[in-house]
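Below is one structure, written out as structure tokens; the observations come after it.
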Amino acid sequence: MSSGAHNLEKDIKKYKKIYFALLIFTVVTVLAAKFHLAVHLAIILALIIATFKASLVASFFMHLATERPVIYWLLIFTGFFFISMLLLIYVSHYSIYEGLHHVP
Amino acid sequence: MSNEHHEHKLPFWQKYLFSTDHKTIGIQYGVTSLSFLLFGFFLMMLMRWQLAYPEQAIPFIGKFFGEDRAPGGVMVPTFYNELGAMHGTIMVFLGVVPMGVGCFGNLIVPLQLGAPDMAFPKLNMASYWVFLVGGLTMLVSFFLPGGAANSGWTAYPPLANFATIGQTVWILGMVFLITSSLLGAVNFLTTIIQLRAEGLTFMRLPFFVWGQLITSLLLLLAFPPLEAAGILQLMDRVAHTSFFLPSGLLVSGQPLEVSGGGSVLLWQHLFWFLGHPEVYVILLPAIGIVTEILANNIRKPLWGYKTMVYSVIFLGFMSFIVWAHHMYLTGMGTAISAFFQATTMIISIPSVIVLTCLAISLWGGSIRFNIPMLFTLAFIPMFAMGGLTGLPLGLAAPDVYLHDTYYVIGHFHYVVAPGVIFALFAGIYYWFPKFTGRKMNDLLGHLHFWPTLVLMNCIFFPMLLQGLAGVSRRLYDGGATYAHAQGVLHMNEFVSISAWILGLAQIPFILNLLWSMVKPKNVDSDNPWQSTTLEWQTPTPPGHGNFKELPVVYRGPYEYSVPGASEDFTPQNIKDIK
Amino acid sequence: MDVIPYTVEERKDTGVFNAKLGIWLFLASEVMLFGALFSTYVILRIGAEHWPHGASLLNVPIGTFNTAVLITSSVTMVFSWTSLKENNFARFKNFLGITILLALLFLVVKSFEYGAKFEHHHFPKESTFLAIYFTLTGLHALHIIGGIVVLTYFWGPGSKMWETQADRFTNRIEIVGLYWHFVDLVWIFLFPILYLL
């Protein structure tokens with residue numbers, strides 16, 4: 001998994017940098033909210049920042065950047081099924097047949 | 001490492017109750033789920049009385065149901081609904097799936113992998129106990145005021161939101177069962193990926209293990225949305241939120257005092273997101289069992305092994321994107337309905353491929369017609385019936401007519417009863433000798449098999465006809481008040497009588513099972529069926545740790561009649577052909 | 001023969017040890033669980049006639065503070081693992097202890113938030129927003145509690161394994177760390193969605 005003490009020192013330095021990045025981007029998220037963008041733009045911006053922060057946690061704290069294919073494939077399929085669940089429920093819910101006046 | 005110390009002198013409670021040995025846990029699951037299957041069957045037998053002889057007092061036992069459920073022994077509608085909801089819930093979640101995965105999966109997978117146990121033995125034990133707690137929770141709900149859940153096993157809001165307290169306990173029970181399944185899925189997936197013996201590549205795995213692999217992947221990713229839905233329904237019922245209650249809903253003419261803004265369809269989506277993969281969770285262990293037994297009894301290699309493997313992988317993947325074929329009548333637009341119709345039609349292909357490969361495998365085989373093989377051979381056309389009757393349901397246009405009719409009940413019972421349950425029976429008869437040193441009795445096996453096959457058809461075929469006539473499901477009176485049902489009402493009595501006789505036909509099986517456990521050993525070999533897979537290369541029964549030395553695998557799973565071999569089967573761990 | 005292989009050393013073809021695969025499988029299921037609730041949020045919000053701005057109902061500074069608390073607990077969790085890799089058991093205990101304390105702090109702050117809501121009679125049933133807020137943060141809080149229980153076990157009685165099987169124990173801390181980071185990750189999404197949008 002991990003080799004020598006030197007690698008560990010480098011890793012520790014990296015973790016500290018990631019930590020500060022996460023704190024900074026938390027502040028950025030809060031400040032961005034103050035701009036009162038249109039709702040859909042605000043959502044997109046918030047999700048982009050959150051996704052970036054999450055990828056820092058996942059890649060470095062959770063070692064995903066150096067993980068094995070078996071883990072990647074598992075997460076790829078999970079992500080695919082999550083997205084398709086969200087999209088298909090949304091589309092099914094809001095595209096209703098002609099003549100139906102509102103969503104049941 | 002630590003197990004070696006206590007292997008020999010474990011007290012009873014540790015050896016049999018809280019065992020971490022996959023074989024003991026498998027038996028625990030087997031005993032528990034067979035008991036639940038029997039109980040669920042009993043619930044159905046009661047329902048069939050009401051359908052055959054509406055408003056007539058249930059004979060002998062009618063008085064035991066109390067004034068709330070059966071005043072004067074006559075079943076009231078809510079009791080009928082309670083029986084229906086719990087029959088479905090128990091059969092699916094406490095019966096066939098724990099049997100297929102918890103029992104057969106646990107017993108066979110580590111052995112077929114050449115592994116000493118599952119990857120996480122303590123987690124395995126925890127899975128069983130959480131399952132049992134979930135099952136007992138479901139049973140306890142019968143004793144609550146208002147009885148158990150009675151809004152269908154599908155628990156649709158708004159009805160389920162306003163149901164009696166049994167529904168809340170149903171949700172709690174489901175949380176336990178889902179947790180058990182998730183822990184089990186993690187265990188199975190890790191075990192299959194990590195603990196394969198040396199030389200046992202994925203394409204040398206017995207098809208049974210492939211079935212369990214895909215099943216666990218489905219359980220892992222499809223159950224959590226139902227858990228989420230359960231949490232939301234719990235919030236609706238207990239905290240009076242309105243996740244599933246739209247604004248402006250009237251109940252008994254009165255507007256509800258809730259915040260509104262919810263959606264009943266949201267429940268349906270989250271439920272069926274699990275619900276559809278669940279049917280493959282029900283199927284895949286069964287089709288794995290059938291494949292093992294068929295391959296063993298044709299004494300030649302399975303035809304199309306790779307094709308079957310790719311088919312079930314594809315099937316597992318597709319199963320996540322077909323679910324709304326259960327929701328064609330909810331007002332979805334034509335485009336999205338067409339999408340789900342397309343994926344549903346596509347998903348029928350892999351099952352047909354698998355069944356076809358099994359059928360083609362029979363050609364030119366030296367077929368042995370033992371009891372497991374009889375159930376296996378019956379599975380093929382019976383499951384095909386069930387699958388084919390699913391097609392008009394998967395197509396949106398005919399489903400407009402057939403949705404929620406007895407046709408649906410006929411369809412899914414064909415796949416589950418003479419389909420999956422036959423496979424489970426086959427597996428019991430087949431693997432019984434490995435764990436007990438006894439083959440079950442053949443005469444009793446025939447007495448079990450033939451009536452069961454005939455009677456299941458007597459029960460479920462008429463349902464297809466009733467459904468085509470337009471008789472709706474979940475009707476307390478079996479359709480009696482509807483003009484369109486009059487022509488097929490007479491079938492109710494025939495179906496009910498068949499169902500009760502079917503119950504009698506299980507007695508030879510139960511007697512056979514119990515007696516065979518205690519009769520003298522009648523098997524002279526560790527491998528009485530002369531099989532190639534690794535579970536038969538162990539002592540009978542396999543000891544703790546399964547193998548004295550972990551086996552090395554040199555060949556595929558179905559090397560029967562290998563040219564040049566002295567026997568007509570060559571086990572996977574044999575290096576050179578003798 | 002009953003030793004389970006690959007509990008510590010990695011299997012060659014997959015490159016992982018058993019518990020590493022096991023925890024990622026579990027986390028995949030958690031993605032689907034929170035994903036389903038997230039989908040619920042999306043569906044209900046889009047269909048809502050009126051949806052309050054998060055900041056009008058929830059306290060953003062407190063939420064931001066809690067976010068920082070959880071992120072910090074994630075980094076102390078990582079450092080507790082690196083301490084074991086450096087053979088420093090005392091530092092491991094310190095960092096893990098801080099992680100647990102930060103987790104408790106998160107819960108304390110959350111309980112104040114909930115308490116303030118209940119005091120003013122703002123219950124889940126009042127609106128769809130509050131319903132989904134309480135459900136999402138409540139489920140998340142249950143995961144924090146579960147995490148605290150496991151972390152405390154490994155800080156306390158579970159840490160004895162360091163003396164007999166150091167590698168296996170280090171792996172366990174890595175695994176529980178993965179769970180903990182996931183809980184942090186969920187909050188990283190929950191915070192802006194509920195408090196800021």
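Values in this text are rule-based calculations from the coordinates and carry no lab data. These numbers come from a predicted model, not from an experiment. With ideal geometry, Cβ positions are generated from the backbone for all residues, glycine too; neighbour counts draw on all protein chains shown.
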Alpha carbon centroid spacing (whole Å) that separates segment B:262-281 from segment B:420-437: 32 Å
Whole-percent pair-distance distribution, where bins are 10 Å wide, for the alpha carbons of segment B:49-137: 15, 30, 21, 17, 13, 4
Amide proton proximity set for residue B:405, modelled H, under 5 Å, gap of 5+: B:473
Of every Cα-Cα pair in the protein assembly as shown, the percent that sits beyond 56 Å: 12 percent
Estimated 222 nm signal from helices in chain B, with DSSP H stretches of n ≥ 4 weighted -39500 (n - 2.57), rounded to 500: -19500 deg cm²/dmol
Amide N of segment B:325-342 lying under 20 Å from the label point, which is placed 7 angstrom from the Cα of residue B:482 along Cα→Cβ: B:326-331
Chain A, relative contact order [Cα under 8 Å, separation at least 6], %: 19 percent
Charge sum, other residues only, whose C-beta stays under 11 Å from residue C:191's C-beta, Lys/Arg counted +1 and Asp/Glu -1: 0
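So what's Rg/Rh here for segment B:252-349, counting alpha carbon atoms and using the Kirkwood radius for Rh?
1.19
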With Cα atoms, 0 to 90° folded angle of helix B:334-362 axis to chain B main axis: 30 degrees
Net charge over other residues, Cβ less than 11 angstrom from the Cβ of residue B:570 (K, R count +1; D, E count -1): -1
B:382, B:45 arranged by Cβ crowding within 10 Å, fewest neighbours leading: B:45, B:382
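Give me the net charge for the shell around residue B:75: Cβ to Cβ below 9 angstrom, other residues only, Lys and Arg +1, Asp and Glu -1.
Spelling it out: positives minus negatives among the neighbours equals 0.
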Ranked list, fewest to most other Cβ atoms within 10 Å of each Cβ, for B:22, A:6: A:6, B:22
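Sort B:209, B:562 by Cβ crowding within 10 Å, fewest neighbours at the top.
Details: B:209 26, B:562 17.
Lowest to highest Cβ neighbour count: B:562, B:209.
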Cross-link table B:548/C:160; B:434/B:575; B:15/C:12; A:53/C:110, entries beyond 26 Å C-alpha to C-alpha: B:548/C:160; B:15/C:12
For chain B, the spread of Cα positions along each principal axis, largest first, Å: 80, 54, 51
Dipole magnitude of chain C about its Cα centre (Cβ charges: Lys, Arg +1; Asp, Glu -1), debye to nearest 20: 160 debye
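Let me know the longest stretch in chain B that avoids all GluC sites (Glu not before Pro) found in a DSSP loop with at most 14 other C-beta atoms within 10 Å.
B:258-548
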Degrees separating the helix B:77-89 axis from the principal Cα axis of chain B, which is the longest one: 30 degrees
Over segment B:230-347, relative contact order from alpha-carbon pairs under 8 Å, at least 6 apart, %: 19 percent
Solution diffusion estimate, µm²/s, Stokes-Einstein, chain A, Kirkwood Rh from C-alpha pairs, 25 °C, viscosity 0.890 mPa s: 141 µm²/s
Angle in degrees between helix B:442-469 and the longest Cα principal axis of chain B, rounded to the nearest 10: 30 degrees
Compactness of chain C as Cα Rg over 2.2 N^0.38 Å, two decimals: 1.18
C-alpha center-to-center spacing [segment C:138-197, segment B:76-121] in angstrom: 31 Å
Separation between Cα centres of segment B:543-564 and segment B:180-255, rounded to whole Å: 33 Å
Segment B:152-267 - percent relative contact order, Cα under 8 Å, separation 6 or more: 30 percent
Positive-end residue, the protein assembly as shown charge dipole about Cα centroid, Cβ charges, pick of B:476, B:539, C:25: B:539
Directionally averaged projected area (convex hull, Cα atoms, segment B:330-376), nm²: 5.0 nm²
Residues with amide H under 5 Å from that of residue C:10, placed H, sequence gap 5 or more: none
Inter-label distance, nm, simple model (7 Å from Cα along the C-beta direction), residue B:13/residue A:48: 6.1 nm
